[in-house]
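Taken together, the values in this text are just the output of simple stated rules run on the coordinates, not laboratory data. These numbers come from a predicted model, not from an experiment.
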Amino acid sequence: MLRPDQNEKGDSEFVDKLVYINRVAKVVKGGRRFGFAALVVAGDQKGRVGYGHGKAREVPEAIRKATEAAKRNMVRVPLREGRTLHHDVQGRFGAGRVVLRSAPAGTGIIAGGPMRAVFETLGVQDVVTKSIGTSNPYNMVKATFEALKAMNSPRMIAAKRGKKVSEVVGRRGADAAKEKVDG
């Protein structure tokens with residue numbers, strides 16, 4: 001069952017979430033003219049996500065424009081086991097700073113408003129986040145995307161270093177075992 005802020009069509013595999021609507025007024029001779037700005041996050045819940053901004057005189061038109069922009073600006077994010085992030089990462093945009101941390105299974109999405117929408121449409125099930133600085137939804141979403149763009153999978157790191165994935169990942173477990181023995 002879909003919530004009112006979700007829009008899923010049969011021909012599209014994308015889920016979109018309305019994050020924020022802003023009403024602005026232009027004062028003219030006859031009174032005020034209202035316009036609306038919408039911030040939408042869209043994703044396939046399998047590791048692809050994008051955000052879009054749309055402006056129009058009516059709310060549905062602004063949401064439609066924002067949704068189209070979100071689908072055009074998709075990024076692929078590598079996920080560990082399809083449920084969490086590979087490593088902890090920080091993102092920054094303007095005065096907004098976000099910290100994203102991978103979490104064990106069963107943790108859920110511990111994130112505030114705009115960031116929660118990003119992770120739900122991305123398909124992440126376990127993540128812990130913290131927003132530092134601004135609570136402006138635009139800057140929070142952009143900072144979250146900056147962090148997600150910096151995300152690397154073990155496969156990407158192994159390719160950069162010219163090593164095998166097992167060599168890169170194997171160390172993580174070996175270091176943890178060594179610390180337990182030494183401690």
Summing -39500 (n - 2.57) over every DSSP H run of at least 4 in the chain, dividing by its residue total and rounding to the nearest 500, the 222 nm mean residue ellipticity is -11000 deg cm²/dmol
Across the alpha-carbon set of the stretch 6-76, Rg over Rh with Rh taken as the Kirkwood radius works out to 1.11
Debye calc, one equal point scatterer per Cα of the chain, no solvent, log10 I(q)/I(0) at q = 0.09, 0.10, 0.11, 0.16 1/Å comes to -0.39, -0.47, -0.56, -1.00
Proximal lysine pairs in the stretch 89-170, meaning Cα under 27 Å and 8 or more positions apart or interchain, come to 6
